[in-house]
Amino acid sequence: MLTCFKPTWMISSIYEITPDEIKKMGIKVVLTDLDNTLIAWDNPDGTPELRKWLEVMNAEKIPVIVVSNNNKKRVEKAVEPLGLPFISRAMKPLTKGINEAKKKLNLEDSQIVLVGDQLLTDVAAANAAKIKSIWVKPLVETDAWNTKLNRFLEKIIKKRLQKKNIIKEVWGHSLND
């Protein structure tokens, strides 16, 4: 049961993902959660570091698509300045949003990765959809009210995953760690 929460990789930040690493893994597209993965939930403008990372991914022809549980208005407002395509109301941990992306992309499951900051939604959804996952640390320590319960449960699950040696305690700084 715990293996449904096992990420393929654990790294500190989405900004540490490089095109070379992605290509070596056979990945052709990056699906990403929005809040606390791509942007801080309470700072919708993003950072210069985010813009630079997106420029690098774009230059290397690696599409980045936001897959968020938020409503269309919220996601559209956040990603419009970044020029990113998105899928809203993804219903993670269900596979609805990921399957929608998969249908549009026409790629093999092994060529798609979902990056997210939550085991209970992002990693579980990626595993259910049979794609790879990258679990990252949240960009900020605080969360929106509706994420607090998930964080509480996530701490319990993380401890059990570590105790059973399903995940390691240390966060990597690249996909090769």
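Okay, here's what the table says:
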| quantity | calculated |
| --- | --- |
| ³J(HN,Hα) computed for each position of the range 18-31 - Karplus, 6.51 cos²θ - 1.76 cosθ + 1.60, integer Hz, glycine/proline x | 10, x, 4, 4, 4, 5, 4, 7, x, 8, 10, 8, 10, 8 |
| Only Lys, Arg (+1) and Asp, Glu (-1) charged, at Cβ; the chain dipole about Cα centre in debye | 760 |
| Hydrodynamic radius of the range 1-105 per Kirkwood, over alpha carbon pairs, in Å | 14.5 |
| Compactness of the range 11-67 - radius of gyration and Dmax, Cα, Å | 11.2, 34 |
| Surface accessible to a 1.4 Å probe, per residue, for the residues of the chain, Å² | 54 |
| Inter-probe distance in nm under a simple model that places probes 7 Å from Cα toward Cβ, at residue 99 and residue 158 | 3.0 |
| For the chain: relative contact order, % (alpha-carbon pairs under 8 angstrom, 6 or more apart) | 33 |
| MRE, 222 nm, helices only [DSSP H, n ≥ 4, -39500 (n - 2.57), over the chain, to nearest 500] | -9500 deg cm²/dmol |
| Entries in 6/102; 96/158; 104/159 that, when Cα-Cα distance is taken, lie over 31 Å | 104/159 |
| Charge dipole magnitude, Cβ of K and R +1, D and E -1 - the range 71-144, Cα centre, debye nearest 20 | 320 |
| Spatially proximal aspartates and glutamates relative to residue 164 (Cα-Cα < 20 Å; intrachain offsets below 8 disregarded) | 154, 177 |
| Listed residues 138, 93, 81, most fluctuating in the chain (Gaussian network, C-alpha, under 10 Å) | 81 |
| Measure of compaction for the chain (Cα Rg per 2.2 N^0.38 Å) | 0.95 |
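The values are calculated or read from the model by the stated rules, or taken from the named source; none is laboratory data. Treat the numbers as computed from the prediction; the structure is a model and nothing was measured. Note that we place each Cβ from the backbone using ideal geometry, even for glycine, and neighbour counts take in every protein chain shown. Note: areas computed on protein heavy atoms with side chains; ligands, DNA, RNA excluded. Shrake-Rupley method; radii C 1.70, N 1.55, O 1.52, S 1.80 Å.
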